[in-house]
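**Q** Take a look at the following structure, please.
The values are calculated or read from the model by the stated rules, or taken from the named source; none is laboratory data. In this text, all values refer to a predicted model and were calculated from it rather than measured experimentally. Note that we place each Cβ from the backbone using ideal geometry, even for glycine, and neighbour counts take in every protein chain shown. Heavy atoms of the whole protein, side chains included, go into the accessibility calculation; ligands, DNA and RNA do not. Shrake-Rupley method; radii C 1.70, N 1.55, O 1.52, S 1.80 Å.
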Amino acid sequence: VDDGGALAVNGTAVKWNSSTGSGPTLTNSGSITATGSGNRAIDMNFAAGGSGASFTLTNNAGATITSEEKDGFRINKSIGAGTVIINNDGTIQAIGPGSNNGQGMDFSGNTTTTGTVTVNNRGTISSADA
């Protein structure tokens, strides 16, 4: 997403499903927003196996990733032997309170013992309630 640009979706804004190999690189310099019930701004659904899969997220200074109900960024399944790198210089947030809460980042679905998740946070990661 370019500087000043916006991706706003009534649903999950970015969803990726993969089994193995090099995954996408997502660079955000604008805003990524998910609205609606139970939706996440970024939802990674790895289907771990073999060498695993990779994903890189760069959220630049001034950029926002926001979920109005659930997680700002979620890894929903194990990454296997894969690699996830998150470089955050902006804001990643979940703003829904109460029963509409979510985490700024949710890695609870990642059960790997061989993969790596690296978060380089020089910005803000927050949630309203969870």
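**Q** Select from region 40-59 the residues that are crowded, with 21+ Cβ neighbours inside 10 Å, at pLDDT 90 or above and among the polar types (S, T, N, Q) and list them in ascending order. Walk me through how you get there before you give the answer.
**A** Start the filter on region 40-59 by keeping residues that are crowded, with 21+ Cβ neighbours inside 10 Å, which leaves 40-44, 46, 48, 52-55, 57, 59.
Those still in the list that are at pLDDT 90 or above too: 40-43, 57, 59.
Across region 40-59, the qualifying residue is only Asn59.
**Q** Continuing with the same structure: Please go through region 81-121 and pick out each residue that is small (Gly, Ala, Ser) and under 14 Å from the mean Cα position of the chain (by Cα). I'd like the intermediate steps shown before the answer.
**A** The initial filter retains those residues of region 81-121 that are small (Gly, Ala, Ser), namely 81-82, 90, 94, 96, 98-99, 102, 104, 108-109, 115.
Gly90, Ala94, Gly102, Gly104, Ser108, Gly109, listed by residue number.
**Q** Does region 60-69 contain at least one residue that is more than 18 Å from Thr124 (Cβ to Cβ), open to solvent by less than 50 Å² (accessible area, probe 1.4 Å) and of a type in the set (D, E, K, R)?
**A** From region 60-69, those more than 18 Å from Thr124 (Cβ to Cβ) are 69; that's our starting set.
Among the residues that remain, those that are also open to solvent by less than 50 Å² (accessible area, probe 1.4 Å) are: 69.
Pick out the ones that are also of a type in the set (D, E, K, R) and you get 69.
The answer is yes, given that some residue of region 60-69 is more than 18 Å from Thr124 (Cβ to Cβ), open to solvent by less than 50 Å² (accessible area, probe 1.4 Å) and of a type in the set (D, E, K, R).
**Q** If you don't mind, another one. Is it fair to say Ser78 is over 10 Å from the mean Cα position of the chain (by Cα), open to solvent by less than 50 Å² (accessible area, probe 1.4 Å), among the hydroxyl-bearing types (Ser, Thr, Tyr) and modelled with pLDDT under 95?
**A** On the way: over 10 Å from the mean Cα position of the chain (by Cα): yes; open to solvent by less than 50 Å² (accessible area, probe 1.4 Å): yes; among the hydroxyl-bearing types (Ser, Thr, Tyr): yes; modelled with pLDDT under 95: yes.
So Ser78 fits the description; yes.
**Q** May I pose another question? Mind checking whether some residue in region 9-28 is open to solvent by 50 Å² or more (accessible area, probe 1.4 Å), over 14 Å from the mean Cα position of the chain (by Cα), at pLDDT 90 or above and more than 26 Å from Ile79 (Cα to Cα)?
**A** yes
**Q** If I filter region 96-116 for residues that are open to solvent by 60 Å² or more (accessible area, probe 1.4 Å) and part of a strand (DSSP E or B), do I get at least one hit?
**A** yes
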